Amino acid sequence: MKQTGLIFFPAFDWAISPTHPEREERLLYTRDQLFEEGVMDLPQIREYKSGLATHKDIARVHFCVPNVEAQITEAHLVSAGSALVIADAVMNQEIKNGFALVRPPGHHAMTVAHGNRGFCNINNEAIMVEYLRKQYGLRKIAIVDTDVHHGDGTQEIFWHDPDILFISFHQDGRTLYPGSGFTDELGGPQAYGTTINIPLPPNTNDAGIHYVLDHLVMPLLEEFEPELIVNSAGQDNHYSDPLANMAFSAQGYAVLNQKLAPDIAVLEGGYSVETALPYVNLGIIMAMAGIDYSNLREPDYSAARLAKKSVSQDYFDQIIKTQMANFRGREAKIQDYRRRFPDDYAYSQQIYYDTDGISEQQMVRLQMCGDCPGYRTIQSSARHSGWENYEVFCISVPMYSCPKCQEEGQRIYDEMIGKPGPFDYIYLQDRAHDVYRSMNTGRKVETVL
Amino acid sequence: MLIGIDVGGTFTDGVLLTGTKVAATVKRPTDNTDLKGTIMEVLDRLMAGQDSSRVTRVVLSTTLVTNMLATGNLPATALLLLPGPGLPLEVYQLFPNTFFLPGSIDFRGRVTEPVVPAEVESAADQIAARGIEKVAIAAKFSNRNSELERQVRDIINRRHPNLEVVLGSDIAGQLNFRRRLVTAYFSVMTQAVWERFIGEIAFALASRGIRAEVDILKADGGTMPLEVSGQRPCETVFSGPAASTMGAVALASNPRNSVIIDIGGTTSDISLLIDGEPLYASKGAKIQGHYTHIKAFSVCSLPLGGDSPLSVGDGEVRIGKTRLGEAACFGGLAPTVTDAFNQLYGLQIGDPGLSRQAVTVLADQAGMEAGVLCSRVENLVIAQLQQAITDMFREWEEEPAYRVWEVIHGRKFDFHEIVGIGAASAAIVPALARSMQVECTIPDFAAVANALGACVARPTLTVKVHIDTQNGYWVTDQEGRGGKVKTGTKMQMEEALNLARRNLKELALDRHMQDYADEAEFFLQEQFNVIRGWSTSGKIFDVGVQIAPGLIKDYQGVKR
Ligand SMILES: [Zn+2]
Ligand SMILES: [Zn+2]
């Protein structure tokens, strides 16, 4: 019998600030519950020690401004590193699946990192996905974001990647942070239809989420045929979460994980530290390990009370129909984009970092390559919380890019660093060669990871 | 005058220490059907010609409970469990006569579901009807609130006063319900036999005019007074390896990061000293395949010793696991591991000529040079031991950590010496140390290190205190001790430490180990602010304090 891997990293000595939801106490009662249950002693469970991600692992995904050191604490290295330990153990077939029950979380962190957004600095799942590709040659991976908040960071990072199916279900962005994740957010012109958002009305309960899972998420996964499924496992859909308004239970989470059967789950949000987390975490572990979870319930659980919180069936049926159609029509839509934008595709966007109060302006230009997903460049400017203003230029070359795009990316970088310009830093993220360059233009110092 | 006796599976060792002098050592075969007889025989031999009134301390390391649990000849025992919600009940269905009852507590010690007296009574009636006399009661999170366990006990006491009852919260108050129920179950099961045994020992000693303090060695390398041990029989399991490790600590001069190998006739026990402190098994002692809350040294046992017999087949040398007899150099019939090392390094153990003869005969059978055969044996032995040692290091280094600081700083076991004890260590350990490029220490009296370890081990006591100022209470992991604290956020760590220290002192007094209470050290200091809304509404402290394993104050080392 293969075991389920578990890394429990509560970061008992790390907090964003003393009274912040992302504080030392967050996984304290989860610790109590897991340890009192003797979960680590179960023959179905194999506990692993946390690991450390390298700066290179982070640079494979993020353009940290001005550098990796500035955007992370040691806790982030451990949190992301733990996901990598689980990934290695799954890939080496030491375990059948694994759960990185770690903090700090990551799913609101985007490609360019100027600061903390939604309690996140770096994106643990994205770092793990790019690591899996580089280390094990995986290509098609599905990430299902089950946090109550839209996984906008993960969405942005894989927006142009047709080999990553990103599905996020969350409380409707009109009623909750970060205010995005609507059904018309479907991915970039070369990766249309592999970003699928499922906004849910407040008060959606177990039955509602399971309906969407059965009739939309699972069929999408079946058709996409990913090599690996990742659960970006937030726990704030729980009925007791203080930051959201959903009606999901610990049992509901367990059922979800049993159906979804993720290869790897990585903890995201969830801030009902006493009423939800100990039970939801236990539920996820039990479901992944194939342990009967029928005896799992919160002390204040009331099936009748939650059943009352129902949402119109029509809403679910409509969204299922729309998103299945969007997914199935993706090839045609991509062809259409390629016809309309034969050379490149450019857009600008503004990104707000709520935790740090930073406003970032971006100009993105995507190479509409016919042979690969295309390299892209990002011009980004932001005033950091210390009032330094940064103007940076980033070039991102995908892992599975064509030689031409790889050469182009390198050429642009060489050209940019050779001439004077407005940029404080110029970055080249060459995933194909696994080389990450950054040029401090003022001091003419290049760092290579 | 100090006496240490270590009962092993095959032999029982005893040592009599007067000041820094080992006045007598005794080794006798163990009669597993009469441990008291064996102990008294060893004691009498040690005391031959001595004045029994001068004995100040007797320490026993016995296998009584270990044997009892291993042979399975055990009294029927019932388990009453209050598991509440969580893992499926089958996870806790480890033993026959297990009853599940309603009633539950959460991690903050809140009762979330009451005891149902009628169900307790019905279970108690069934237990009585089955003729069972021993009952262990364990509730999930009873370490945070023992109220439900006590309610169940009171109901049982009223209805069937003759039942012998043990509570999980009294015996095993750390987090981990599974280990708690296992520990409580085996405790109540072995308690009566153990109490009878210590009664007999006390009587036998008194009848010999020995009025000294009598202590029992525990698996954690410390001692407890005989009378205190009555309530905690399971803590005596696996005291043998603890005796050896403490013996190595006593004999090696100031060991820091060391590997201790006790090589006997057919087994090698490896333990680690990290910064001078023995390493504990991270999940507690294992009994009948179940983890318990009994603190025990992390010991790796290999079926490999000085008497392990050598054989050849298909041109390969093999080392057998079953002892056939003594090494040839001591008059045994077949060559053993000791003979190979004796011959290879000219060690002058026993009669070296007999070693040479025996290995040569075997080498001829295999068609190889005697030297080649001995080298191959050495390689096999060293490889096995080295592998076991590196596995232990890795396991320790890879133990999960829950703080950023611990993960960032990592763990690396940098050891500088191997301490060899046990009868066969002198033959094997020097070669092992050379191969691992570290120093080798084979202290004098290495052959009776186990008995000496028992003799000079000091008492140990560990207390963990959990304080919850939001809910206004504190609890310890010992004997269900607890009380109230002022609610609110005022309490500081200093006060929490004092509370823990006070508990340790009181327990030390109860257990006659107050002489060492001042040497207690804190090993756990955690503080969490309980935030509700955006403000602090209380604090949670977890503090651990212990009298760690060590040597008694009177011990000044031994001289030849
Ligand atoms: Zn969230
Ligand atoms: Zn291309």
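Going residue by residue through segment A:249-258, is there one that turns out to be touching a strand residue (DSSP E or B) at 6+ places or on another chain (Cβ under 6 Å) and not hydroxyl-bearing (Ser, Thr, Tyr)?
First pass over segment A:249-258, keeping only residues touching a strand residue (DSSP E or B) at 6+ places or on another chain (Cβ under 6 Å): none.
No, segment A:249-258 contains no residue that is touching a strand residue (DSSP E or B) at 6+ places or on another chain (Cβ under 6 Å) and not hydroxyl-bearing (Ser, Thr, Tyr).
Listed conditions (1) away from chain B (no Cβ under 14 Å); (2) part of a loop (DSSP other than H, G, I, E, B) are all met by residue A:293, apart from (1). The test for being within 25 Å of the chain's Cα centre (by Cα), surrounded by fewer than 23 Cβ atoms within 10 Å (Cβ to Cβ) and modelled with pLDDT under 95 does not hold for residue B:424. Within segment A:259-314, the residues that satisfy the criterion of being aliphatic (A, V, I, L, M), more than 25 Å from the chain's Cα centre (by Cα) and at pLDDT 95 or above are A:291, A:296. The single condition among (1) in contact with a Cys (Cβ under 7 Å, 6 or more places away or on another chain); (2) in a strand (DSSP E or B) that residue B:349 does not meet is (2). Of all residues in segment A:242-288, exactly one satisfies the criterion of being away from every other protein chain (no Cβ under 14 Å) and among the hydroxyl-bearing types (Ser, Thr, Tyr), namely A:253.
Exactly one residue out of A:411, A:383 is within 16 Å of ligand 2 (Cβ to nearest atom) and either basic (Lys, Arg) or not assigned by TED's automatic domain parsing to the domain that holds residue A:439 (or both): that is A:411.
Of all residues in segment A:9-27, those satisfying the criterion of being touching a helix residue (DSSP H, G or I) at 6+ places or on another chain (Cβ under 9 Å) and within 7 Å of chain B (Cβ to nearest Cβ) are A:9, A:10, A:11, A:12, A:13, A:14, A:18.
Checking each residue in segment A:360-374 for being away from ligand 2 (no atom under 16 Å from the Cβ) and either outside any strand (DSSP E or B) or of a type outside the set (Asp, Glu) (or both) picks out A:361, A:362, A:363, A:364. Those strands (runs of 3 or more DSSP E) of segment B:216-324 in which 3 or more residues are farther than 29 Å from residue B:401 by Cα occupy B:223-225, B:310-313, B:316-319.
Under the condition of being among the acidic types (Asp, Glu) and within 7 Å of chain B (Cβ to nearest Cβ), which residue from segment A:28-57 is nearest to residue A:94 (Cα to Cα)? In this case the residue turns out to be A:47. Could you please let me know if residue B:494 is surrounded by 15 or more Cβ atoms within 10 Å (Cβ to Cβ) and not in a strand (DSSP E or B)? Spelling it out, it is not the case that residue B:494 is surrounded by 15 or more Cβ atoms within 10 Å (Cβ to Cβ) and not in a strand (DSSP E or B).
For segment A:386-408, filtered to residues that are more than 22 Å from residue A:189 (Cα to Cα) and part of a strand (DSSP E or B), the residue that is farthest from ligand 2 (Cβ to nearest atom) is A:389.
Across segment A:275-325, which residue is nearest to ligand 1 (Cβ to nearest atom) among those that are surrounded by fewer than 22 Cβ atoms within 10 Å (Cβ to Cβ) and of a type in the set (Asp, Glu)? Across segment A:275-325, the extreme among qualifying residues is A:300.
Could you tell me how many of the residues in segment B:85-119 are at the interface with another protein chain (Cβ under 7 Å from one of its Cβ atoms), under 30 Å from residue B:467 (Cβ atoms) and surrounded by fewer than 17 Cβ atoms within 10 Å (Cβ to Cβ)? Here the count works out to 1.
Within segment A:125-135, identify whether any single residue is more than 16 Å from ligand 2 (Cβ to nearest atom), within 19 Å of residue A:330 (Cα to Cα) and surrounded by fewer than 23 Cβ atoms within 10 Å (Cβ to Cβ), and answer yes or no. If you could, list the steps in order and put the result at the bottom.
Going residue by residue through segment A:125-135, those that are more than 16 Å from ligand 2 (Cβ to nearest atom) are A:125-135.
From what's left, within 19 Å of residue A:330 (Cα to Cα): none.
Taking every residue of segment A:125-135 in turn, none turns out to be more than 16 Å from ligand 2 (Cβ to nearest atom), within 19 Å of residue A:330 (Cα to Cα) and surrounded by fewer than 23 Cβ atoms within 10 Å (Cβ to Cβ).
On the basis of being aliphatic (A, V, I, L, M), assigned to a strand (DSSP E or B) and within 14 Å of another protein chain (Cβ to nearest Cβ), does residue A:80 make the cut?
In short, no.
Scanning segment B:371-386 finds no residues that are out of contact with any His (no Cβ under 9 Å at 6 or more places or on another chain) and in a loop (DSSP other than H, G, I, E, B). Residues of segment B:64-84 that are in a strand (DSSP E or B) and more than 14 Å from chain A (Cβ to nearest Cβ): B:77, B:78, B:79, B:80. Mind counting the residues in segment B:396-421 that are away from every other protein chain (no Cβ under 14 Å) and exposed (fewer than 14 other Cβ atoms within 10 Å of the Cβ)? Of the residues in segment B:396-421, 2 are away from every other protein chain (no Cβ under 14 Å) and exposed (fewer than 14 other Cβ atoms within 10 Å of the Cβ).
Every residue, every condition in (1) within 14 Å of chain A (Cβ to nearest Cβ); (2) part of a helix (DSSP H, G or I), yes or no:
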position: B:151; (1), (2): no, yes
position: B:158; (1), (2): no, yes
position: B:169; (1), (2): yes, yes
position: B:173; (1), (2): yes, no
position: B:180; (1), (2): yes, yes
position: B:203; (1), (2): no, yes
position: B:209; (1), (2): no, no
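Consider segment B:513-560 and keep the residues that are buried (at least 17 other Cβ atoms within 10 Å of the Cβ) and part of a loop (DSSP other than H, G, I, E, B). The one that is farthest from the other protein chains (Cβ to nearest Cβ) is B:558. Scanning segment A:83-124 for residues that are within 15 Å of ligand 1 (Cβ to nearest atom), within 22 Å of residue A:385 (Cβ to Cβ) and not in a loop (DSSP other than H, G, I, E, B) yields A:117, A:120. Among the residues making up segment B:494-541, those that are within 23 Å of residue B:472 (Cα to Cα) and among the hydroxyl-bearing types (Ser, Thr, Tyr) are B:535, B:536, B:537. Are any of the residues in segment B:40-60 buried (at least 22 other Cβ atoms within 10 Å of the Cβ), touching a Phe, Trp or Tyr at 6+ places or on another chain (Cβ under 9 Å) and either farther than 29 Å from residue B:129 by Cα or without any contact (Cβ under 8 Å) to a residue 24 or more places away in the chain (or both)? Within segment B:40-60, not a single residue is buried (at least 22 other Cβ atoms within 10 Å of the Cβ), touching a Phe, Trp or Tyr at 6+ places or on another chain (Cβ under 9 Å) and either farther than 29 Å from residue B:129 by Cα or without any contact (Cβ under 8 Å) to a residue 24 or more places away in the chain (or both).
The values are calculated or read from the model by the stated rules, or taken from the named source; none is laboratory data. Because the structure is a prediction, the values reported are computed rather than measured. Cβ: placed from backbone, ideal geometry, glycine included. Neighbour counts: every protein chain shown.
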